[in-house]
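The values are calculated or read from the model by the stated rules, or taken from the named source; none is laboratory data. Since the model is a prediction, treat every value here as computed from it, not as a measurement. Heads up, the Cβs are rebuilt from the backbone with ideal geometry, glycines too, and the neighbour counts pull from every protein chain shown. Side chains are part of the model used for accessible areas, which takes the heavy atoms of the whole protein and leaves out ligands, DNA and RNA. Shrake-Rupley method; radii C 1.70, N 1.55, O 1.52, S 1.80 Å.
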Amino acid sequence: RFEEALQEAQQVDKLLSEGPADDYLEEKFPLLGVPITVKEAFSLHGMPNTSGLVNRRNVIASSDATVVSRLKQAGAIPLGVTNCSELCMWYESSNRVYGRTNNPYDLQRIVGGSSGGEGGVLAAACSVIGVGSDIGGSIRMPAFFNGIFGHKPTTGVVPNDGQFPNAQGVRTSFLCTGPMCRYAEDLEPVLRVMAGPGVNKLKLDEKVSLEKIKFHCMDHDGGSVFVSPVDKEILQAQKKVVKHLEGKLGVQVRRVAIHKMKYSFQIWSAMMSSKESDGQEAQLFTDLLGDHGKPVWPLWELMKWLVGMSSHTLPAIVLGLMEKLMKFNLGGNAKLVSMGKSLREEMEALLGTDGVLLYPSHPTLAPKHHSPICMPFNFAYTAIFNVLGLPVTQCPLGLSSEGLPLGIQLVAASYNDHLTLAVARYLEKAFGGWVLPGKV
């Protein structure tokens, strides 16, 4: 929506030239004139809202999602919407409506998903702030692969309405909407606008003394058979962070081994498919694929895909098949849901009101296109924090020897978002934050 954006920018210029007091404008329009982009899964009036689903290719949003409306009211100017994976349930942003999004650091690599288009345009400096959503790492993986900042807030503070697909049943406790940006200092003001009246729960006005934070560090999940080992350069970057914190802040970073993290993928998967307390079943992915039309049969779609006749992507078809298989493991799922609740209590107790955990954002650097299908469960490194409901900030840490972004997750207990945001600002100064693609 470039033409409309230019008109809105001219209106901002006119408003500034008329000369009302700067502090009045800053208070009323904290994001006045700031260009933003929005994940295509969110409604932005007049823009497509397909979520990469072919049978929604003619859907145009007739209203704004709540967060989009709040950003507009704060003075932000939307430039347009950005690509995501089909139905936002995969970590490569490719679909049959728009095609594939490439990583600006290496066009042969993925941008992540499902907020992958946002990660790409922000890293390439096309936009300043992005609107993302995250139910398994969909803000943090693209932020990591594209060397920017992304924040998954504490669950239930920023409204999720106005996106497709939206969460139902237990999943409403796992889906989070949050900001993505190149500069750490932008996370907090954007989060304030997105959260609206709920912002008071997040303690953003509390002053943070970094020397008083209790830092914990975990190098990997303990060795799950479902995910790749953590890349050596990611581990080295994490070690540098620990060394810097201990050397410059004089804190002691405590190494922890949380045994249940080894089962992150299984816990996330079981909790995502668990029933609501009133017995309501989780919404089926295959129902969403049909989008109120004919039901989608994953096995039949796979046959069609093999001969190039399916309108769905292979990851979406495989996810549909897995969903069918999950229904046969009800007893095992109940144990895993119980383990998840126990892990949440353990994490909350460990972190308290003054703790931050350092944890890898993903076991590998940005993978090459199509390769996630060979290691489909690597998103467990981010997904576990969705079902635990904890706030997490993904923070870039420079580039690898291949010129790909490095990064780390900063995790706090519920409603302690101010801690991870403060540490992200500090690490940006220490490690340089976002690096312009092509600069090296």
Helix-only mean residue ellipticity at 222 nm for the chain, each DSSP H run of n ≥ 4 adding -39500 (n - 2.57), per residue, nearest 500: -10500 deg cm²/dmol
- request: Determine which lysines satisfy two conditions relative to Lys262: a Cα distance under 16 Å, and not lying fewer than 8 residues away in the same chain.
  value: Lys335, Lys341
- prompt: For a paramagnetic label modelled at 7 Å from the Cα of His259 toward its Cβ, which residues of region 331-357 fall within the zone defined by backbone nitrogen distances under 15 Å?
  reply: 339-340, 342-344, 346-347
- request: Classify region 122-227 as rounded, prolate or oblate, taking a ≥ b ≥ c as the square roots of the eigenvalues of its Cα gyration tensor: rounded when a/c is under 1.5, otherwise prolate if a/b is larger than b/c and oblate if not.
  value: rounded
Computed magnitude of the charge dipole of the chain (debye, nearest 20; Cβ of K, R +1, Cβ of D, E -1): 1180 debye
- request: Sticking with the crude label model, points 7 Å out along Cα→Cβ, report the distance from Asp22 to Lys248 in nm, one decimal please.
  value: 2.9 nm
field: Descending Cα extents along the principal axes, the chain, whole Å
entry: 63, 53, 48
message: At 7 Å along Cα-to-Cβ for each site, give me the label-to-label distance between Met303 and Ile60 in nm.
response: 3.9 nm
query: Quick one: accessible area per residue over region 91-236, 1.4 Å probe, rounded to a whole number of Å²?
result: 34 Å²
task: Please grab the % of Cα pairs in region 40-79 that end up more than 12 Å from each other.
output: 55 percent
- line: For region 111-181, the percent of accessible surface on carbon and sulfur atoms (probe 1.4 angstrom, ligands and nucleic acids excluded) is 55 percent
- prompt: Can you list the residues of region 53-84 with backbone N under 13 Å from a point 7 Å past the Cα of Asp161, pointing along Cα to Cβ?
  reply: 64-70
task: May I ask you to derive the FRET efficiency for Leu6 and Lys341 from their Cβ-Cβ distance with R0 = 60 Å, giving the value to the nearest 0.05?
output: 0.75
query: So who's got an amide H within less than 5 Å of the one on Ile129, skipping anything under 5 residues away but keeping other chains? H placed 1.01 Å off N, in plane.
result: Thr37
- request: Identify which of Ile408, Ile258, Ile110 has the largest mean-square fluctuation in a Gaussian network model of the chain, with springs joining Cα atoms closer than 10 Å.
  value: Ile258
task: Mind counting lysine pairs for me in region 165-232? Cα separation below 26 Å, and the two need to be 8 or more apart along the chain or on different chains.
output: 5
message: Students often forget the sequence filter, so: which lysines lie under 22 Å Cα-Cα from Lys14 once same-chain residues fewer than 8 apart are removed?
response: Lys28, Lys72
task: Starting at the first residue of region 6-15, write each ³J(HN,Hα) from the Karplus equation 6.51 cos²θ - 1.76 cosθ + 1.60 with θ = phi - 60°, in whole Hz, x for Gly and Pro.
output: 5, 4, 5, 5, 5, 5, 5, 4, 5, 4
- prompt: Computed over the Cα atoms, what is the radius of gyration of region 359-427 divided by 2.2 N^0.38 Å, N being its residue count?
  reply: 1.23
Glu185-Cys374 pseudo-label distance in nm [points 7 Å out on the Cα-to-Cβ vector]: 4.3 nm
task: Please give the length that would be gained between Lys275 and Ser228 if that part of the chain were fully extended, namely 0.36 nm times their separation in residues minus their C-alpha to C-alpha distance (nm, one decimal).
output: 13.9 nm
- request: With a probe of 1.4 Å, find how much accessible area region 373-436 has per residue, and write the answer as a whole number in Å².
  value: 24 Å²
